[in-house]
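J.: Take a look at this one; I'll ask things after.
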Ligand SMILES: Cc1ncc(COP(=O)(O)O)c(C=O)c1O
């Protein structure tokens, strides 16, 4: 007899991993929005140094990392949640806030983990379509908020569409959301967003709206995706207490904590990497537009493009894969006939551009 699993387990969508993901192969890995830059040597050293003491559990208060984030952003440590990746905090928020009868509202397509929250909790998910430029439609989202709403997710810049809204618009939206509804502003890519100014700008919103949570990660700009560290700057301590309550203790390992603390000390290098990534991104956008494709205005470390009707998305993705370039197919992310392409090294991006031109040339005679 097979094992009998909980009904909710059948409801939870399986996370769409990139096809052909192979860390050892000679491929341009442009499918997972990671950083193409390795962690700095000082960060690797800091993580390595703590390994000798890992017979002990990690610091349960996460004091050095909380302290470093508190110093950097001027948010008290009690209002900083940490997690095994920002996904960990997101899923914990679902567990802490949602239940059958409750509602969660978010734009779609957005981050592919969002549907997990309703499926796991039994809450109702309300997915709101994007506008014509593939941006969040905040009026439409506001219109879906009811007495049952517990959680609203705004992904800014949005994954997979790369677009960002200005903070003025978000501020006005937050002014329309009742104070008991938690709003998570998922800022996984905020460091790359020219539209947002700098990473301090959204802190002003936190001061004005205590129901707001700014969700961020070390997986992208800090290049620590393999260690899994995320954090949330919270409008109130209640949110941090709730997400800690529903999780296992010691959710953030010692090496990840040490690496994150060290990574924060190298902001000059972070800025240099952002500048390089943005320059490469603009070149990739231009090239894809030059091939006649619609490309969203990106504020992230990836681009999002639409394919013409005449092309089958799967053929384009496999054509790119045959040429050693892994990208993410839009169908798996909520919109067919689209591609999400991470900005890689200059050589990888060139490989992508050449491969795309060849695939389109074969199929459309471009
Ligand atoms: C919008 C968004 N939020 C959150 C995450 C989760 O990042 P992590 O769990 O690695 O911190 C990702 C990762 O791709 C993302 O795209």
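J.: Would you call residue 230 within 16 Å of the ligand (Cβ to nearest atom) and buried (at least 20 other Cβ atoms within 10 Å of the Cβ)?
T.: yes
J.: Ok, one more. Restricting to segment 79-119, count the residues that are away from the ligand (no atom under 16 Å from the Cβ), within 21 Å of residue 145 (Cα to Cα) and in a helix (DSSP H, G or I).
T.: Here the count works out to 4.
J.: Hey, can you tell me all the residues within segment 194-209 that are within 16 Å of the ligand (Cβ to nearest atom) and more than 13 Å from residue 154 (Cβ to Cβ)? If you could, list the steps in order and put the result at the bottom.
T.: To start, the set of residues in segment 194-209 that are within 16 Å of the ligand (Cβ to nearest atom) comprises 195-196, 199, 202.
If the condition is that a residue be within 16 Å of the ligand (Cβ to nearest atom) and more than 13 Å from residue 154 (Cβ to Cβ), then 195, 199 are the ones that fit.
J.: Continuing with the same structure: Using the structure shown, decide if residue 72 is touching a strand residue (DSSP E or B) at 6+ places or on another chain (Cβ under 8 Å) and surrounded by 12 or more Cβ atoms within 10 Å (Cβ to Cβ).
T.: In short, no.
J.: Could you go through segment 306-317 and let me know if any residue there is closer than 24 Å to residue 221 by Cα, in contact with a helix residue (DSSP H, G or I) (Cβ under 9 Å, 6 or more places away or on another chain) and at pLDDT 95 or above.
T.: no
J.: Residue by residue through segment 157-172, note down the ones that are within 12 Å of residue 186 (Cα to Cα) and within 9 Å of the ligand (Cβ to nearest atom).
T.: 157, 158, 159
J.: Given the conditions (1) more than 13 Å from the ligand (Cβ to nearest atom); (2) surrounded by 23 or more Cβ atoms within 10 Å (Cβ to Cβ); (3) within 25 Å of residue 192 (Cα to Cα), which single one is not true for residue 130?
T.: (2)
J.: Can you pull out every residue in segment 19-37 that is surrounded by fewer than 19 Cβ atoms within 10 Å (Cβ to Cβ) and either modelled with pLDDT under 95 or touching a strand residue (DSSP E or B) at 6+ places or on another chain (Cβ under 9 Å) (or both)?
T.: Initial filter on segment 19-37 (surrounded by fewer than 19 Cβ atoms within 10 Å (Cβ to Cβ)): 19-26, 32, 34, 37.
Within segment 19-37, 19, 20, 21, 22, 23, 24, 25, 26, 32, 34 meet the criteria.
J.: Let me ask you something else. What number goes with the only condition from (1) at pLDDT 95 or above; (2) within 16 Å of the ligand (Cβ to nearest atom); (3) under 30 Å from residue 350 (Cα atoms) that residue 15 does not pass?
T.: (1)
J.: Take residue 224 and decide whether it is assigned to a loop (DSSP other than H, G, I, E, B) and within 16 Å of the ligand (Cβ to nearest atom).
T.: Working: assigned to a loop (DSSP other than H, G, I, E, B): yes; within 16 Å of the ligand (Cβ to nearest atom): yes.
Criteria met by residue 224.
J.: Same structure again: Could you pull out the residue among 250, 239 that is part of a loop (DSSP other than H, G, I, E, B) and in contact (Cβ under 8 Å) with a residue 40 or more places away in the chain?
T.: One residue alone meets the criteria, 250.
J.: Out of the residues in segment 42-66 that are touching a helix residue (DSSP H, G or I) at 6+ places or on another chain (Cβ under 6 Å) and in a helix (DSSP H, G or I), state the one that is nearest to the ligand (Cβ to nearest atom).
T.: Taking the candidates together, the pick is 65.
J.: While we're on this one: Only one residue in 313, 348 is within 27 Å of the chain's Cα centre (by Cα), surrounded by fewer than 19 Cβ atoms within 10 Å (Cβ to Cβ) and within 22 Å of residue 159 (Cβ to Cβ). Which one?
T.: Values: 348 fails: surrounded by fewer than 19 Cβ atoms within 10 Å (Cβ to Cβ).
Going through 313, 348 in turn, the sole match is 313.
J.: Output yes when any residue across segment 258-281 is in contact with a strand residue (DSSP E or B) (Cβ under 9 Å, 6 or more places away or on another chain), at pLDDT 95 or above, over 15 Å from residue 221 (Cα atoms) and not in a loop (DSSP other than H, G, I, E, B), and no when none is.
T.: Taking every residue of segment 258-281 in turn, none turns out to be in contact with a strand residue (DSSP E or B) (Cβ under 9 Å, 6 or more places away or on another chain), at pLDDT 95 or above, over 15 Å from residue 221 (Cα atoms) and not in a loop (DSSP other than H, G, I, E, B).
J.: Looking at segment 286-296, can you tell me whether even one residue there is surrounded by 14 or more Cβ atoms within 10 Å (Cβ to Cβ) and closer than 14 Å to residue 37 by Cβ? Write out each step before concluding.
T.: Of segment 286-296, the ones surrounded by 14 or more Cβ atoms within 10 Å (Cβ to Cβ) are 287-288, 291, 293-296.
If we keep only those that are closer than 14 Å to residue 37 by Cβ as well, we get none.
No, the conditions are met nowhere in segment 286-296.
The values are calculated or read from the model by the stated rules, or taken from the named source; none is laboratory data. Since the model is a prediction, treat every value here as computed from it, not as a measurement. So basically every Cβ, Gly included, is an ideal-geometry build from the backbone, and we count neighbours across all protein chains shown.
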